[in-house]
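Participant: Before we start, here is the structure in question, set down as structure tokens.
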Amino acid sequence: MAASSLALLSSFRGPELCKAKSLFSHSKSPSNVSFSFQCRKSRIPSFLCSVSVSDPQVLTGRPGDLVASILSKVTETDRGVLLTKEQQEEVTQVAQELQKYCVAAPVKCPLIFGEWDVVYCSNPTSPGGGYRSALGRLFFRTREMIQAVEAPDTVRNKVSFSALGFLDGEVSLKGKLKALDDSWIQVIFEAPQLKVGSVEFQYGGESEVKLQITYIDEKIRLGKGSRGSLFVFQRRE
């Protein structure tokens, strides 16, 4: 669970110059890493971001249409578990299209901060570890999977569940975020905290997650894990 804990930021108004300053210390040498996030709309400050698009002729509303499409494909799918391989491929294709509209340096964008629901992962065990494996899902019913990203560099992941249908519990982790370049992020988590009923204890040790932010706006954040898993995060309202 610790090693594969939650890797755990609407449309832009046209290409504009991002004035946000770097929010993290950067490593000089690029590294294979990844991550993504989102925050409450009421708390999002006004800002300008540049959009990098492979096709110079950006169609108005195109990112918004793609965002609506990917959310419609992953909603009520138990975060992707209920999708067929063909349906997962459709999600991947939309994500690849959205990547063309990602801001130039997503790690520097203030939209990463806030609370996000994990609504999809191409690998069910990547967010939640053993609790989300085929066997784990027989005993643990996932209620929520949340990632909170707090300025300047704190990440909090939480998986809440119902064990055996009657016992509520949650696993939470706190981590330190570090930007490795303009799109890759590393998070080192402390040992997980497990709470079941009134019993709470810490187990395991530190874990590390590396992710790439491939798209981010006011509604969703897309991320790609270091092993290729696709994550879709939706900002909590």
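Participant: So, in segment 137-166, how many residues would count as being more than 13 Å from the chain's Cα centre (by Cα) and open to solvent by 40 Å² or more (accessible area, probe 1.4 Å)?
Facilitator: Residues in segment 137-166 being more than 13 Å from the chain's Cα centre (by Cα) and open to solvent by 40 Å² or more (accessible area, probe 1.4 Å): 13 in total.
Participant: Take segment 219-237 and flag every residue that is at pLDDT 95 or above, over 13 Å from residue 71 (Cβ atoms) and either open to solvent by 70 Å² or more (accessible area, probe 1.4 Å) or of a type in the set (Asp, Glu) (or both).
Facilitator: Listed by number, the list holds a single entry, 224.
Residue-wise test of (1) farther than 30 Å from residue 66 by Cα; (2) open to solvent by 40 Å² or more (accessible area, probe 1.4 Å); (3) modelled with pLDDT under 95; (4) in contact with a His (Cβ under 9 Å, 6 or more places away or on another chain).
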site: 170; (1), (2), (3), (4): yes, yes, yes, no
site: 174; (1), (2), (3), (4): yes, yes, no, no
site: 179; (1), (2), (3), (4): no, no, no, yes
site: 183; (1), (2), (3), (4): no, no, no, no
site: 188; (1), (2), (3), (4): yes, yes, no, no
site: 195; (1), (2), (3), (4): yes, yes, yes, no
site: 203; (1), (2), (3), (4): yes, yes, yes, no
site: 210; (1), (2), (3), (4): no, yes, no, no
site: 216; (1), (2), (3), (4): no, no, no, no
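Participant: Going through segment 194-237 one residue at a time, which ones are among the aromatic types (Phe, Trp, Tyr) and under 12 Å from the mean Cα position of the chain (by Cα)?
Facilitator: Of everything in segment 194-237, those that are among the aromatic types (Phe, Trp, Tyr) and under 12 Å from the mean Cα position of the chain (by Cα) turn out to be 215, 231, 233.
The values are calculated or read from the model by the stated rules, or taken from the named source; none is laboratory data. Computed from a predicted model, the values in this text were never measured in an experiment. A quick note on method: Cβ atoms are made from the backbone with ideal geometry, for glycine too, and the neighbour counts reach across all protein chains shown. Note: accessible area is taken over every heavy atom of the protein model, side chains too, but ligands, DNA and RNA are not part of it. Shrake-Rupley method; radii C 1.70, N 1.55, O 1.52, S 1.80 Å.
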